[in-house]
Amino acid sequence: MVKLSAEICDIIKEMKVFYFGTSSKDGVPNVAPMGMVYLQEDKETIWLIDNYMNKTMANMLENPVATIPVWHPDFKTSFQLKGTVTIENEGKDYENAVSIAHFKSDKYPAKHLIKFVVKEVYTLTPGEGAGERIL
């Protein structure tokens, strides 16, 4: 696991929509926008609430490796988080995720809690060092 820097955490806190990339076991990619994404206090784990993740869920069940680019137009830097996911549909954390989703609207099914654990961080900022691993 990798603890995210304060700079990365600040960007995540400002983002409204995240892109979440997954791949099937055969390498077929899928990237989908996500709105219910929450950085946890440990600065190593990000929760995503599954409301409508059909292709994404199929990919995660076959291959638990995923990626999240971190970019916001007001910041001059950007990053790519790479990590692994676990899928929960019961327990205290899952019930907390359901409460979060239903607080926004009862129309959200909150089918699963996805826990993304950051394993690597790369810079995506253009220029020298772009694409290099930083954490």
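The values are calculated or read from the model by the stated rules, or taken from the named source; none is laboratory data. A quick note: this is a predicted structure, and the numbers were derived from the prediction, not measured. Don't worry about glycine lacking a Cβ; one is built from the backbone with ideal geometry, like all the others, and counts go over all protein chains shown. Accessible surface is based on the protein model in full, side chains and every heavy atom, while ligands, DNA and RNA are left aside. Shrake-Rupley method; radii C 1.70, N 1.55, O 1.52, S 1.80 Å.
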**OP:** Summarise the accessible area of the range 59-135 (1.4 Å probe, protein heavy atoms) by the percent that is carbon and sulfur.
**Re:** 52 percent
Original post:
For the chain, the longest stretch holding no GluC sites (Glu not before Pro) located in a DSSP loop with at most 11 other Cβ atoms within 10 Å is which?
Top reply: 42-89
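In percent, what relative contact order does the chain have, based on Cα pairs under 8 Å that are 6 or more apart in sequence?
Relative contact order here is 26 percent.
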Subject >> Long-range tail of P(r) for the range 74-113 (Cα pairs > 15 Å, %) >> reply: 56 percent
**OP:** Go through the range 46-99 and name the chymotrypsin sites (Phe, Trp or Tyr not before Pro) that are in a DSSP coil and have 13 or fewer other Cβ atoms within 10 Å of their Cβ.
**Re:** Tyr52
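With +1 assigned to the C-beta of every Lys and Arg and -1 to the C-beta of every Asp and Glu, and no other charges, what is the dipole magnitude of the chain about the Cα centre in debye, to the nearest 20?
The dipole magnitude comes to about 200 debye.
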**OP:** Please give the per residue accessible area of the range 42-135, computed with a probe of 1.4 Å over protein heavy atoms only, in Å².
**Re:** 57 Å²
Original post:
Could you name the aspartates and glutamates in cross-link range of Lys111, using Cα to Cα under 17 Å and dropping any fewer than eight places away on the same chain?
Top reply: Asp50, Glu88, Glu90, Asp93, Glu95
Subject >> Accessible area of Lys55 in the full protein assembly, 1.4 Å probe (Å², nearest 10) >> reply: 140 Å²
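For the range 56-135, which trypsin sites (Lys or Arg not before Pro) pass both filters: DSSP loop (anything but H, G, I, E, B) and at most 15 other C-beta atoms within 10 Å? Walk me through the numbers on the way to the answer.
Details: sites: Lys76, Lys82, Lys92, Lys104, Lys107, Lys111, Lys115, Lys119, Arg133; in loops: Lys76, Lys107, Lys111.
Here the trypsin sites (Lys or Arg not before Pro) that fit, given the DSSP loop and packing criteria, are Lys76, Lys107.
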Original post:
In whole percent, what relative contact order does the range 6-54 give with Cα contacts below 8 Å and a gap of six or more residues?
Top reply: 27 percent
Subject >> Among the listed pairs Lys25/Lys104; Lys13/Lys82; Lys13/Lys119, those beyond 28 Å (Cα-Cα) >> reply: Lys25/Lys104
